[in-house]
Amino acid sequence: MSMTREEAINRIKDHMRVHHIGEYPHIRLKEAFELAIDALRHQIWEEQLWHDAKADPPKTPGLYYGKKDDTNSMYACQYRDGVWVLDMYPQQKMDIVQWADYTAFVRGDD
């Protein structure tokens, strides 16, 4: 049986509610469940955040964040007509594999 991450989050939350996790001996277990929920939500957010540069390129030219590989390194890049260049050095082309909106990393309360 496989389930989506959202289904896993809901199942954990239901288990916490039904079994009253959070009462005295279960505080650490409750914290572990909350950590698991946060990790699942972060994975969902990451998957929605980054797009495949080859299969799903940006719809419009502009400033985006780009990744060259699967590390956490990202670069501010300009995109136009299938070509990625560094924002600060427009003569420097980049081989971008994933991209995200430039505003994706701005906090809502900023």
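Which of the residues belonging to the range 35-89 are touching a residue at least 12 places away in the same chain (Cβ under 8 Å) and of a type in the set (Phe, Trp, Tyr)?
Passing the criteria: Trp50, Tyr64, Tyr65, Tyr75, Tyr79, Trp84.
I'd like the residue in the range 99-110 that is within 14 Å of Asp52 (Cα to Cα) and out of contact with any Gly (no Cβ under 7 Å at 6 or more places or on another chain) and, out of all such residues, is modelled with the lowest pLDDT.
Asp101
For the subset of the range 36-73 comprising residues that are acidic (Asp, Glu) and at pLDDT below 90, which member is farthest from Ile9 (Cα to Cα)?
Asp70
The values are calculated or read from the model by the stated rules, or taken from the named source; none is laboratory data. Computed from a predicted structure; not experimentally measured. Reconstructed Cβ throughout: ideal geometry from the backbone, glycine too, with neighbour counts over all protein chains shown.
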